[in-house]
Amino acid sequence: MSTVTDRERATEPRTERSPVLLAEGSRAYRIVVLVIIAGIIGLALIGTTLSVYRMSQVTAVLITAIAVIGLNLATGYTGLLSIGHSALFGVGAYATGILILDYAYSPILTLPIATALGFAVGLIVGVPALRIRGLYFSLVTLALGIAFPEIIRRFDDFTGGAAGLLIRSQFLTPPSWTGLTRFERGLWLYGLSFVSFVVVMLLVRNLMRSRTGIAMRGVRDHEVAIRSNGVDVARTKVLTFGLSGAITGYAGGLFAMNVGALSPDGGSFTLVKSIELITAMFIGGAGTLLGPLIGSTVTVFLPELTSTWTTGPISGVLFGVTLIVLVFFMPEGIAGRLQIIARRFVRVVPPDHPAARRPTTSTQNSGGNATGQKSVAAGGAEQPPGPNSDDASSEGSSR
Amino acid sequence: MSALEISGLSAGYGAADVVRDISISVPAGEVVVVLGANGAGKTTTMRAICGLIDRRGSIRVDGVEIGSKPADVVNAGVSLVPQGRGTLGTLTVLDNLRVGAALRRDRAAIEEDIERWTSVFPVLAERVDQRAGTLSGGEQQMLAVARALMARPRVLLCDEPSLGLAPRIVQHLFATLRDINSEDATSMLIVEQNAELAMDLASSVYLLEVGRVVRSGTPASFREDTELRRAYLGY
Amino acid sequence: MELFVERLLAGVTNGSIFALLALALVMVYRSTGTLNFAQGEFALFSAFFAWWLVGTGLPVWAAVIAGMVAGFVLCAAAERALIRPVQRKSELATLIVALGLFSGLNAAVALIWGTDTKVMPSIVPNGLEDYFELFGARVYGDTVITWVALAAVTILMTLLFTKTELGLHMRAVADNAESAALTGVNTSRILMLGWGLAGAIGALAGSLATPLAPEQLSVTTMFPIFIGACAAALLGGLDSLAGAVIGGLIIGVVEAMVTGYVPLVGGAMQQTTAMVLIVLILVVRPNGLFGSKELERV
Ligand SMILES: Nc1ncnc2c1ncn2[C@@H]1O[C@H](COP(=O)(O)OP(=O)(O)O)[C@@H](O)[C@H]1O
Ligand SMILES: [Mg+2]
């Protein structure tokens with residue numbers, strides 16, 4: 001369709017200057033990676049000096065970002081538009097809450113179970129995707145999103161119902177090995193969320209560079225073609241939704257530990273949350289690695305920002321307007337746009353890339369075979385700036 | 001005077017032009033064929049003429065410059081039978097024909113034309129109330145031609161009308177086009193990749209390569225050139 | 001028996017509102033190929049506008065018509081200015097614009113008219129005594145008017161699409177906009193018109209729904225109705241007018257019956273039950289009850 005080709009053009013800058021090529025495994029590459037790691041650690045440490053309030057906001061950003069990474073897996077990379085991730089988030093949150101309150105679990109041990117439940121629910125919702133496609137599949141996820149708060153309210157002896165669940169802070173004390181006191185819960189959750197975010201992001205990065213990851217993008221971009229290439233589309237879809245649910249469920253567990261109060265009303269687990277997650281994903285850049293973090297930062301801080309300009313409903317209007325303006329001027333999202341800019345200057349290539357051996361080659365994608373070219377072009381908005389931005393073409397040229 | 005005079009036409013889909021500086025002249029009442037390999041820019045040229053994509057350059061019908069909106073083009077007397085037929089599959093055959101006359105107000109004459117084209121293409125007459133999507137490829141191509149003719153064009157554009165059709169049906173289609181050309185003096189610009197049949201109708205031929213007209217001449221001059229013959233006429 | 005009829009009628013009434021808004025969704029889907037997430041909020045805005053006009057002394061029926069005009073203009077303008085420019089970029093982009101409209105319109109309503117609950121008067125007399133009996137169940141005026149409205153809109157739309165040239169052109173654009181443009185149909189005008197009509201129908205749904213809604217007219221009135229309408233439109237097949245009507249009625253009735261007769265579920269899970277049913281139907285019929293196969297491209 002014309003849309004795809006239009007985008008190819010837009011994301012394939014034909015600059016006069018050649019970008020610097022960075023071959024994976026080379027010394028320069030390692031230095032860049034080290035600098036990035038140092039930067040991340042530095043950022044994390046700077047975070048610890050923030051005020052309690054600011055730190056809790058950053059924690060909220062990180063938790064939302066993890067949830068959005070989950071959504072991004074299903075929607076951004078694989079093209080299964082989900083309006084029901086609020087429920088997967090809620091499954092994780094309630095799993096953590098109930099396990100702590102009713103089964104006296106230590107909070108951190110609830111996270112694997114929250115993840116597993118998210119995975120299970122994700123799998124179950126993913127199954128209809130085998131038959132139901134497009135907007136109709138979105139309806140299935142919508143059903144999940146609607147059902148979740150109703151189920152919570154209905155089974156109130158278990159979930160606290162409409163009154164909600166309150167996890168008192170004595171149950172949320174940081175583990176003793178951290179050496180943190182009950183009153184330093186904010187710092188503990190900040191650290192936990194930060195580490196979780198980095199780990200999840202790296203896992204997704206590696207997943208997207210694996211065969212499964214390529215199959216996922218294939219399902220999104222050309223399902224029919226990829227099916228005839230022998231990819232098990234059904235398995236890919238269901239598995240993707242399960243993984244997506246697992247990640248978002250994990251984020252939900254963290255959320256419960258962070259806020260300590262869960263309620264089926266009020267927007268944490270309703271469609272409002274789904275809309276927030278979709279918005280964050282899109283603003284950040286659907287199908288990008290850093291998009292979830294950037295988008296979550298915007299969605300957590302933008303309402304605050306618009307409400308400092310004005311109060312009440314105007315901030316809601318501004319939020320809507322900002323969203324529309326972003327779509328108009330940055331349809332590939334912030335991370336997608338940054339990446340396009342970055343690729344003009346630096347381009348990471350695999351060690352055996354022909355251009356890397358002959359560094360004078362022009363900016364054109366010389367990747368010889370058709371697969372390579374296609375995935376590079378289509379991947380314009382998919383790979384983040386940074387050390388892995390040319391993974392698709394590496395796949396193409398190493399075959 | 002030419003019925004359709006294209007000069008200096010450039011067009012594309014984004015930053016870069018796909019076709020550049022195309023000039024083609026279709027003399028009144030005659031058939032002109034455009035040859036070109038897959039991806040040469042034939043369809044792009046057609047879409048640009050019809051106002052589906054932005055274009056630069058001049059397009060005149062009977063010496064008058066035409067507007068750039070699709071409706072202006074139809075009003076000026078140019079109708080396109082698009083590549084892939086563009087049948088309105090959820091509409092009935094009859095409704096497809098009616099849509100073809102979207103800009104006309106002469107109700108009685110519209111009904112006459114429906115009569116006429118359903119008798120020229122009897123397969124359509126049998127299926128007027130059937131959804132167009134249920135028709136075979138050949139039938140859909142007939143419908144697409146009939147729909148374009150419903151606008152009573154001075155110039156009929158056909159983009160690869162033979163694509164995907166059985167040889168027998170292609171022959172029938174071109175015989176019909178020939179009849180229409182001689183009865184109504186409708187000028188035609190026919191795009192083909194493999195154009196032996198179309199060449200029989202043509203008074204002149206243009207060859208498109210990578211977005212430019214690289215050669216033009218009489219059908220005979222094309223047939224004489226062994227290389228061209230091998231590449232585009234298939235023998 | 002009486003109770004059953006009462007529940008059935010209540011279901012049909014709610015279903016009629018779902019169906020009306022679902023018709024609006026189908027109109028948009030047929031024009032643009034997207035699900036308009038802001039359709040309910042367009043309706044909300046128009047209904048508030050109508051309410052405000054009633055406050056200025058306009059008769060209710062005139063205010064409702066004015067609300068429909070406002071809905072028409074608003075939706076048509078949104079299509080032209082906001083949807084069309086991004087529509088070609090991607091489906092997701094269009095969806096996000098709709099979400100932006102959703103949030104913006106809802107906040108705009110709160111901004112202009114406040115967040116307190118309004119009482120939207122009914123078009124017809126709907127006092128406690130204004131009823132007639134049907135199989136022993138009481139039927140009130142504002143119930144009947146929703147049925148009448150649904151029937152009227154359905155008939156008018158059917159006539160528009162099957163009997164008029166405009167309707168023919170609308171069907172042509174819905175089927176294949178480029179082919180329609182090639183015949184000279186003004187697709188731009190048709191798209192705006194499609195959205196405009198959707199806006200007007202939605203406004204009617206909004207104005208009629210509010211006298212029935214338990215909390216009357218507030219900024220949250222339309223969302224549950226929109227969800228029901230969404231489900232109805234999808235159940236019906238997204239591009240089918242008849243499907244939207246039947247889908248809406250099915251959902252209304254199922255919800256009412258589940259609430260009444262399935263004690264385990266009770267009033268708490270009626271939406272869930274309806275949605276689960278729809279999912280099951282979709283598993284059997286992946287394109288809805290009446291959807292055409294061609295729409296798989298979504
Ligand atoms: N919608 C589009 N967007 C971007 N490029 C296009 C589009 N359609 C065609 N092209 C490009 O334009 C060139 C000419 O295509 P086309 O006019 O369809 O050729 P032909 O009809 O001669 O086969 C091709 O390289 C093709 O990739
Ligand atoms: Mg072509």
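The values are calculated or read from the model by the stated rules, or taken from the named source; none is laboratory data. On a predicted model such as this, the values are computed, not experimentally measured, just so you know. As a convention, Cβ positions derive from the backbone with ideal geometry for all residues, glycine included, and neighbour counts pool all protein chains shown.
Just a few scattered comments:
- So B:Arg229, is it closer than 18 Å to B:Gly39 by Cα and not β-branched (Val, Ile, Thr): no
- Residue that is nearest to A:Phe328 (Cα to Cα) [pool: residues in the range A:247-273 that are within 11 Å of chain C (Cβ to nearest Cβ) and in a helix (DSSP H, G or I)]: A:Val272
- Verdict on B:Glu192 being touching an Asp or Glu at 6+ places or on another chain (Cβ under 7 Å), within 16 Å of ligand 1 (Cβ to nearest atom) and on the phi > 0 side of the Ramachandran plot: no
- When residues in the range A:274-297 are screened for being within 13 Å of chain C (Cβ to nearest Cβ) and in a helix (DSSP H, G or I), 13 of them pass.
- Qualifying residue in the range C:45-66 (condition: without any contact (Cβ under 8 Å) to a residue 12 or more places away in the chain, hydroxyl-bearing (Ser, Thr, Tyr) and away from every other protein chain (no Cβ under 14 Å)): yes
- Qualifying residue in the range C:135-144 (condition: within 30 Å of C:Arg88 (Cα to Cα) and more than 14 Å from chain A (Cβ to nearest Cβ)): no
- Condition check for C:Val73: closer than 21 Å to C:Met222 by Cα, away from chain A (no Cβ under 13 Å) and either touching a His at 6+ places or on another chain (Cβ under 7 Å) or in a helix (DSSP H, G or I) (or both): yes
- Those helices (runs of 4 or more DSSP H) of the range B:1-100 in which 3 or more residues are within 12 Å of chain C (Cβ to nearest Cβ) and within 16 Å of ligand 2 (Cβ to nearest atom) occupy B:42-49.
- Count of the range A:1-58 residues, restricted to those that are modelled with pLDDT of 75 or more and part of a helix (DSSP H, G or I), is 29.
- C:Ala22 vs. criteria more than 14 Å from chain A (Cβ to nearest Cβ), over 28 Å from B:Gly14 (Cβ atoms), part of a helix (DSSP H, G or I) and of a type outside the set (Val, Ile, Thr): no
- Only residues that are within 14 Å of chain C (Cβ to nearest Cβ) and not polar (S, T, N, Q) were counted in the range A:86-120, giving 2.
- Selection count where residues are closer than 16 Å to B:Val78 by Cα, within 16 Å of ligand 1 (Cβ to nearest atom) and of a type in the set (D, E, K, R), scope the range B:159-189: 1
- Residue within the range A:139-160 that is under 30 Å from C:Ala233 (Cα atoms), crowded, with 22+ Cβ neighbours inside 10 Å and of a type in the set (Gly, Ala, Ser) present: yes
- Meets criteria (more than 16 Å from ligand 2 (Cβ to nearest atom) and either in a helix (DSSP H, G or I) or under 18 Å from B:Phe121 (Cα atoms) (or both)) for B:Ala144: no
- The set of residues in the range B:31-42 that are out of contact with any Gly (no Cβ under 9 Å at 6 or more places or on another chain), near ligand 1 (Cβ under 6 Å from one of its atoms) and of a type outside the set (Gly, Ala, Ser) contains only B:Asn38.
- Where helices (runs of 4 or more DSSP H) sit wholly within the range C:134-192, those with at least 3 residues that are under 30 Å from C:Val124 (Cα atoms) occupy C:141-163.
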